[in-house]
Amino acid sequence: MPKKSTKHGLLRTKQRVGVQKGVAEATIRNAFKKGIKHSELGEDSPLKRWVDGRVINKPAHVRLYGEHIYLFSGDNSLITVMTIPPDLLDEFKELWQTRYVKKRLKKKKGRR
């Protein structure tokens, strides 16, 4: 879990995600915990190529969550947030749906 956010990371979350400080901190925690990891992206996907082009110094953790990409350092501090471009949102949404619909179905089957 993220221990803290850099001032820049918190500012970018507030600006680019459009939330206030308290909500921004919860969003950052959710992004780290529930976000799609870089390793979950398809090898030849345009979304992965876009992410790779944005990640210059190879941060320790990359998460895609809520139409944004969150970059975390090795000590799990948020470095910055960027918005996923509109032409890649369909791929992100499809990946998100596939990932979470499957998880929900497994949970429902386990309750019976």
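The values are calculated or read from the model by the stated rules, or taken from the named source; none is laboratory data. Quantities reported herein were computed from a predicted structural model and do not represent experimental measurements. Cβ sites come from the backbone with ideal geometry, for glycine too, and all protein chains shown count toward neighbours.
Summary table
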{"read-out": "Residue within the range 21-39 that is touching a residue at least 60 places away in the same chain (Cβ under 8 Å) and surrounded by 13 or more Cβ atoms within 10 Å (Cβ to Cβ) present", "value": "yes"}
{"read-out": "Residue in the range 99-106 that is of a type in the set (Ser, Thr, Tyr), at pLDDT below 85 and surrounded by 10 or more Cβ atoms within 10 Å (Cβ to Cβ) present", "value": "yes"}
{"read-out": "Residue match in the range 83-93 (condition: surrounded by fewer than 14 Cβ atoms within 10 Å (Cβ to Cβ), in contact (Cβ under 8 Å) with a residue 60 or more places away in the chain and of a type in the set (Asp, Glu))", "value": "no"}
{"read-out": "Those residues of the range 43-65 which are surrounded by fewer than 17 Cβ atoms within 10 Å (Cβ to Cβ) and touching a residue at least 40 places away in the same chain (Cβ under 8 Å), in sequence order", "value": "45, 46"}
{"read-out": "Filter result (closer than 20 Å to residue 91 by Cα, out of contact with any strand residue (DSSP E or B) (no Cβ under 6 Å at 6 or more places or on another chain) and small (Gly, Ala, Ser)) within the range 14-67", "value": "39, 42, 45, 53, 66"}
{"read-out": "Residue within the range 70-82 that is exposed (fewer than 12 other Cβ atoms within 10 Å of the Cβ) and within 18 Å of residue 6 (Cα to Cα) present", "value": "yes"}
